[in-house]
Amino acid sequence: MEHNLYIYNTLSRSKEQFIPLHNDRVGMYVCGPTVYSDVHLGNCRTFISFDVIYRYLIYLGYKVRYVRNITDAGHLEGDRDEGDDKFAKKAKLEQLEPMEIVQKYTVGFHEILSIFNTLPPSIEPTATGHISEQIEIVKQILDSGYGYEKAGTIYFDVEKYNKDFQYGILTNRKLEDLLEGTRELGGQDEKKGRLDFALWIKAKPETLMQWPSPWGWGFPGWHLECSAMSSKYLGKTFDIHGGGMDLQATHHTNEIAQSQACHHAAPVKYWMHTNMLTVNGVRMSKSAGNGFLPKELFTGSHPLLERGYSPMTVRFFMAQSHYRSTLDFSNEALQASEKGFSRLMEGYARLQKLNASAASSIETAGLRTKCEEAMNDDFNTPIVIAHLFDSLRAINLVHDGKETISTADLAELKAVYSAFIEDVLGLKSETEASAGSEAFKKAIDLLLNMRLEAKQNKDWATSDKIRNELTALGFEIKDTKDGFEWKI
RNA sequence: GGUUCGUUGGCCGAGUGGCUAGGCACCGGUCUGCAAAACCGUAUACGGCGGUUCGAAUCCGCCACGAACCUCCA
């Protein structure tokens, strides 16, 4: 199966035509969250970006197996390769079991992603559920000679690996440069090389999460789980591996080394990296204090926010930039997106009610092709949105009775709008839910019909009273040529 | 210090060797009892300096500024 889809591959630093390894099947692995705290908006951007990518691959007709892991063990603070991991630390802080921490934040993560209307992955494996697979990989790396043991901890021998393969292939770095740039670690360091990283870490008696292994009780290193789970579910070599750009230099670099050492094959054909969400040009992160939570965004309860913004406004805001560009957050930009999004969705709703004519006086054909071309060019969602806005003008003109559209063109336009707005971009209307029940709608229609009568009788006082009071209650009333439209 | 990337009109943000990105805001107009919405139209741009070219915001060089990564982070 071949489309004209081009994907920017971090490995080659260029756009390459996407040709899956197995005909119409695509394997995609995305690094998921470490569930020791709430996801902030920056984290969400990556998952929303890959959601759109996943959706478009499905649109093209691929059978996609989308694997996104949950990191629930092995992720340490700092690079010390010792002590408790993030879960144990947080567990102590909150006086909970580590698995209570994992459960709490996993549930929260799913809740948020569901609010953002992302599709669940095909498989969502956890690190703790794949301890034996990880131990197996450590064994194989030891067998192939790229690992060594020091007092119950197993390290990956980066310098040895680099003699046979290029260690920094993903970020185009030479080992000498990396060695120069690496900070000198403390004197207690037992690693052979400064770049060596732990595959399996020996547990102390008080370590909360530990498992038996051929090297005694311990727990897996952070990078290992992705190598284990991706190969288990997608094979030794698979199509797409994604994640945030910040994972490129260390996590993904080590993942490549592990998989190569274990399976004697490059694990991934296309590496994709999403860029960061920034605030005032600086990366959003918890440590910088500029990382706010989705819930704070929805309610506006964060010092950086003037007010709240809806989930779909945020999703639309993100889709208006390319996934490989940094996206700068600001109230002004969010407000612009809010208006743009609502205009687009109003047009989409209007499209459903349009009447067809015998012929089209406007050009709407070719929209699907244009949108596909944009998406085929490394998932260029901002261009798709630009094309949708171009057609929006046509929709409004037909709605106003200034232009006409044929039955066939109308059907195609509806199909394309639905496909790209809902299926590909994953946007959905937010007004319907709040509009409430049928009876409620009919009551409002009744009021507005009374206002229409008053208008026809030039009773402006009554007409304005109804409009003003409804407006005060949060309704938006729009007069049309021979009636009205309203929303909350 | 090394690696990578960016600098686009009031704001956000695409694109790219010659052809309107788009959204929001602004201004003028049409429509309307008024308003809103919608439509039409105008305007404002590619960090600086050189070079290549018939032609560069787009390619090359230098400079300035900024960011990310090299240390846990989507």
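Some notes on this structure:
- A:Arg65 sits among other residues whose Cβ lies under 13 Å from its own Cβ, and their net charge, with Lys and Arg +1 and Asp and Glu -1, is +1.
- Whichever lysines have a C-alpha closer than 19 Å to that of A:Lys150, once near sequence neighbours (fewer than 8 apart) are set aside: A:Lys139, A:Lys160, A:Lys191, A:Lys192, A:Lys202, A:Lys204
- Counting charges near A:Gly340 (Lys, Arg +1; Asp, Glu -1) among other residues having Cβ under 15 Å from its Cβ returns a value of -1.
- Per residue, the range A:23-77 exposes an accessible area of 25 Å² to a 1.4 Å probe, with every protein chain left in place.
- Within the same chain, lysines fewer than 8 places from A:Lys428 are excluded, and of the rest, those with a Cα less than 25 Å from its Cα are A:Lys63, A:Lys295, A:Lys339, A:Lys353, A:Lys370, A:Lys414, A:Lys441, A:Lys442, A:Lys478, A:Lys487.
- Inter-probe distance in nm under a simple model that places probes 7 Å from Cα toward Cβ, at A:Lys15 and A:Ala439: 5.5
- With contacts taken as Cα pairs under 8 Å at a separation of at least 6 residues, chain A carries a relative contact order of 15 percent.
- Rolling a 1.4 Å probe across all protein chains gives A:Arg324 an accessible area of roughly 70 Å².
- For the range A:272-412, the Cα gyration tensor yields ellipsoid semi-axes of 36, 18, 9 Å (square root of five times each eigenvalue, largest first, whole Å).
- Of the DSSP H helices in chain A, those whose Cα atoms cover at least 24 Å axially and whose Kyte score averages 0.0 or more: A:41-59, A:98-115, A:381-399
- Å² of accessible area per residue within the range A:215-275, as computed with a 1.4 Å probe and no ligands counted: 25
- With every protein chain in place, chain A: carbon and sulfur % of accessible area (1.4 Å): 50
- Each peptide in A:270-281, A:40-51 gets a packing score, the mean of other Cβ atoms within 10 Å over its residues, and the list from highest to lowest is A:40-51, A:270-281.
- Here, the range A:161-277 yields an orientationally averaged convex hull projection of 9.4 nm² when only Cα atoms define the hull.
- Put simply, chain A fits an ellipsoid with semi-axes of 51, 26, 18 Å; these come from the alpha carbon gyration tensor as the roots of five times its eigenvalues, largest first.
- Looking at the range A:285-431, the accessible area is 44 square angstrom per residue; that uses a 1.4 Å probe and ignores ligands, DNA and RNA.
- Set the Cα radius of gyration of the range A:73-153 against 2.2 N^0.38 Å, with N its number of residues, and you get 1.41.
- In angstrom, the C-alpha Rg and Dmax of the range A:300-359 are 15.5, 55.
- Alpha carbon convex hull of the range A:6-274, projected area averaged over orientations, nm²: 14.1
- Highest average first, the peptides A:386-392, A:301-307 ordered by how many other beta carbon atoms sit within 10 Å of their residues are A:386-392, A:301-307.
- Each stretch of four or more DSSP H residues adds -39500 (n - 2.57); spread over every residue of chain A, this sum gives -13500 deg cm²/dmol at 222 nm.
- Between A:Met450 and A:His22, the FRET efficiency estimated from the beta carbon spacing at R0 = 45 angstrom works out to 0.10.
- Remark: the range A:436-487 projects, on average over all directions, an area of 3.4 nm² (convex hull of Cα atoms).
The values are calculated or read from the model by the stated rules, or taken from the named source; none is laboratory data. Note that the structure is predicted; figures quoted are calculated from it, not measured. Virtual Cβ from ideal backbone geometry, glycine too; neighbours counted across all protein chains shown. Accessible surface areas use protein heavy atoms only, side chains included; no ligands, DNA or RNA. Shrake-Rupley method; radii C 1.70, N 1.55, O 1.52, S 1.80 Å.
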